[in-house]
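Asks: This structure is in structure tokens; I'll ask about it shortly.
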Amino acid sequence: MIIAAAITADVTSFEVVGFAQSPKLAYVVLPTYLVAAWSLGAYHLPTLRSATNSIKSCLASLAAATGFSLLAAHAFNVIGNFLSQETLLFLGLTAIGLTVLHCGIAAGLRRREDQTEAKVVLLGDDSVRSNRQRKVAATINVRACDWHPVETDPNFLNDLSLAVADADRIVLSFKAFKEQLKWAKLLGELGFETELLEPGLAGLKPLALRYLDSTPTLVVSTGPLTLHKRAFKRTFDLLLVLLAAPVMVPLVAVLTVLVRADSPGPAFFVQKRIGTNNRYFNCIKFRTMRVDLTDTAGNHLTERNDPRITRLGHFLRHTSLDELPQLWNVFLGQMSLVGPRPHALGASAEGALYWEVVPDYWHRHAMKPGLTGLAQIRGYRGPTEKRCDIESRVAADLEYIHSWSPWLDVKILFRTMRVLVHSNAF
């Protein structure tokens, strides 16, 4: 689709194929797109089944590939070659083509799944009837058939093979685990794909099977992001921080001098907060309070016209500039640009600590804390005077964790610009 878009843009612009800019850019975009799409899982079956997720993933990959290509062109001082109407046409055609393609793939996969339903045969002992499921096409009681898992009777093997010949899935259910293993071994040697029914594991909802040396283990939980997604998010954070550094470093230097000049004490305030997987980290901010009245643990949340806040501190808090040093936390990998905001350990709502108010509070630390987040762009800022204040924030944080995507991060960053100055920021 990328190559077709490049050729179409070339022909439309009445250029000679091979000498126009679109094919040149396509040579860089194509491999970069494939790497980004692989990292984001754009072509994994679960993603392809959903048109929305599939389109978001492929367009995010295209955006990442385009950004990398233009950065590379800028680094080699050939950026002017690609800044043309033909390039915009090429990118537009690629985006439209990928969208149409992924919509078609999602529709085709759904249609195929609707038309084909796996035939399941449940094979077991006298207890097999009680385990019968709605999707089971046939149930075979080996006791009633007088079958035994041995390879000494060709008639038995023939009857067994005919009984399960049309099955897409063969599921074994026996009270005795040793007998179940014997049947599994026999069916495996006969060339059948076999599964073991384990109702006792239903509560754990196993995700995958792995091995510790030669011993099998069940994966019963994973983090919210795969390794590839974490790597993509980390690369995105570092890229933006480094691009912003030429502007942010001088700004931080100026504000550091102003904070020191405004009131006695250090320019930065370092506070222990809860980070990824509930590990502590030192969160850095500009000091906005008088040193003698600083609340290190965060037991007393700020309020309007708080006497502890310095003159410059009011301005820094109102404009959210006091959070600027946390870009260093992002650079160190302790925080992300987007994620659940880290809270002070002593923060409370209606006299109760946050985790006492919301039982699921600890779940919000499954991802790195962020400079901004879904809760912040929805206006959930300022002191938590009521229990509903922290409940709304935690709900937004968990929603972000469960629905993360590169597009969501970009959307939150852009919308954060609108809430940097907030009436509840004091």
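Throughout, read-outs are computed from the coordinates displayed, never taken from laboratory work. If you're wondering where the values come from, they're calculated on a predicted model, not measured in any experiment. As a convention, Cβ positions derive from the backbone with ideal geometry for all residues, glycine included, and neighbour counts pool all protein chains shown.
Asks: Quick check on my link table: of K119/K175; K119/K185; K205/K272; K272/K411; K56/K119; K233/K272, which ones sit more than 26 Å apart, alpha carbon to alpha carbon?
Replies: Beyond 26 Å between Cα atoms: K205/K272; K272/K411; K56/K119.
Asks: Sticking with this structure for a sec: Report the calculated FRET efficiency for D153 and L239 (r = Cβ-Cβ distance, R0 = 45 Å), to the nearest 0.05. Display every interim value, and only then the final one.
Replies: Working: r = 67 Å, r/R0 = 1.49.
Efficiency, from the Cβ-Cβ distance: 0.10.
Asks: Can you compute the FRET efficiency between A72 and L201 using 1/(1 + (r/R0)^6), with r the Cβ-Cβ distance and R0 = 41 Å? Round to the nearest 0.05.
Replies: 0.25
Asks: Next up: For the range 123-246, what is the largest minus smallest coordinate of the Cα atoms on each principal axis, given in angstrom and ordered from greatest to least?
Replies: In descending order, the Cα extents are 80, 29, 28 Å.
Asks: Helix check for the chain. Which DSSP H runs span at least 20 Å along their own axis by Cα, with a mean Kyte-Doolittle hydropathy no less than 0.0?
Replies: Answer set is 21-40, 51-75, 85-115, 227-262.
Asks: Amide H of L196: which non-local residues (sequence gap of 5 or more, or other chain) have their own amide H closer than 5 Å, using H built in the peptide plane?
Replies: The answer is L172.
Asks: Can you pull the one-decimal nm distance between simple spin-label points at T217 and K119, each 7 Å off the Cα toward Cβ?
Replies: So the two model labels end up 3.9 nm from each other.
Asks: Pull out the extension gain between F331 and A176, defined as 0.36 nm times the separation in residues minus the alpha carbon to alpha carbon distance; nm, one decimal.
Replies: 50.2 nm
Asks: Considering Cα pairs under 8 angstrom that are at least six residues apart, work out the relative contact order of the chain and quote it in whole percent.
Replies: Answer for the chain is 10 percent.
Asks: Along each of the three principal axes of the Cα atoms of the chain, give the extent in whole Å, ordering the values from largest to smallest.
Replies: Principal-axis extents of the chain (Cα, largest first): 95, 71, 37 Å.
Asks: Ok, one more. Sequence-distant or interchain residues sharing an amide H contact under 5 Å with G370, placed H: which?
Replies: HN-HN under 5 Å from G370: S336, G339, R341.
Asks: Once you put a point 7 Å from the Cα of R311 and another 7 Å from the Cα of R418, both along the Cβ direction, what distance in nm separates them?
Replies: Distance between the two pseudo-spin positions: 3.5 nm.
Asks: Got a sec? Charge dipole of the chain, +1 on Cβ for Lys and Arg, -1 for Asp and Glu; which of W362, L89, P266 is way out at the positive end?
Replies: Comparing the listed Cα positions along the dipole, P266 ranks first.
Asks: What does the highest-first list of 238-247, 278-287, 62-71 look like by mean Cβ count within 10 Å?
Replies: Highest to lowest by the protection proxy: 62-71, 278-287, 238-247.
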